[in-house]
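One structure below.
Values quoted throughout were computed directly from the atomic coordinates according to the rules given, and no laboratory measurement underlies them. Fair warning: this is a prediction, and the values are worked out from it, not measured in the lab. Here the Cβ positions follow ideal geometry from the backbone for every residue, glycine too, while neighbour counts run over all protein chains shown.
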Amino acid sequence: MGIFRTEVITLAPDIWPVLLGSDSGLVGRAFADKTLDLHVRDLRDYGKGVHKKVDDAPFGGGAGMVLMVEPLHRAVTDARASTPGPVILLDPRGAPFTQKKAKSLSQGPGMTLICGRYEGVDQRIFSHVDEVLCVGDFVLSAGDPAAWCVVDAVCRLQEGVLGNRASLQEESFQENLLEYPQFTRPETYEGMPVPEVLRSGDHGAIEAWRQEQRRKLTHRCRPDLIEEKKS
């Protein structure tokens, strides 16, 4: 498989070099050193008329503006010609974006993400996308923060991005469990000590403690994950 390619269709292209610049973390550095490939497509380039119009008032009235179908469709058409993998719209009605979905997308050749804006998109663009995803039950002023979450979650799973890929096996949401508690120096802080087992040097006991903590934390903080695992 070739280099994983990510494309973003957005009205705010200037923020992406900051979000995914070489100083923004492991994923940003992977784009900077060409371990991964990123293309940001400015939706305004597909706008209509001298002012590059991409939005209009909704039929039937209502507050705000809606992204027009024609500029979006033309941007998607060009994206399909240059970037393999699914075209994904970030929208509240989409399927919840999960670690399982991130892993599935990471195993493909790439993806294109459409960042919404204003009151939403013309319904007809749904006929031209492959998937619709939602990152949470809250409202954002634009789809770019949601798309960034997807890019980061998916691209960090690519070969060569993380220094130690073994860490992926014990992260939160693996096997529908949260990650175990982590401690570092000092051994005692304001009367709170590091658990003795972690200082014992007994790797078998440490591993057993960590697995037990994963189960306890998940039961207490995210019991829905336990129920999902049972179903």
Select from LEU198, LEU19, LEU36 the residue whose mean-square fluctuation is largest in a Gaussian network model of the chain (Cα-Cα springs shorter than 10 Å).
-> LEU198
The distance between the Cα centres of segment 75-90 and segment 181-215, in whole Å, is 46
Take CYS221, CYS115 and order them by how many other Cβ atoms sit within 10 Å, fewest up front.
-> CYS221, CYS115
Long-range HN-HN contacts of LEU113 with modeled amide H, under 5 Å = GLU7, VAL8, ILE9, ILE88
13 Å beta-carbon shell around PHE31, net charge (K/R +1, D/E -1) = -1
Extreme residue, positive dipole direction of segment 166-230, given options TRP209, PRO181, CYS221 (C-beta unit charges) = CYS221
Label-to-label distance, nm, for residues given as SER141 and GLN182 (7 Å Cα→Cβ offset) | 3.1
With 10 Å bins from 0: P(r) over segment 166-230, alpha-carbon pairs, percent | 20, 43, 30, 7
Taking segment 82-158, which chymotrypsin sites (Phe, Trp or Tyr not before Pro) meet the DSSP loop condition and have no more than 14 other C-beta atoms within 10 Å?
-> PHE138
Ranked by GNM mean-square fluctuation in the chain (Cα springs under 10 Å), the top entry among THR112, THR184, THR77 is THR184
Along each of its three principal axes, how wide is the spread of alpha-carbon positions in the chain, in whole angstrom units, largest first?
-> 70, 40, 37
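List TYR180, TYR189 from most exposed to least, where exposure is judged by having the fewest other Cβ atoms within 10 Å.
So the residues, fewest neighbours to most, are TYR189, TYR180.
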With the chain treated as a Gaussian network of Cα nodes joined by springs under 10 Å, which of ARG185, ARG93, ARG74 yields the largest mean-square fluctuation?
-> ARG185
Just subtract the alpha-carbon distance of ASP78 and ALA63 from 0.36 nm times their residue separation and send over the number in nm, one decimal.
-> 2.3 nm
Assigning unit charges at the beta carbon (Lys, Arg +1; Asp, Glu -1) and nothing else, what dipole magnitude in debye, to the nearest 20, does the chain show about its Cα centre?
-> 280
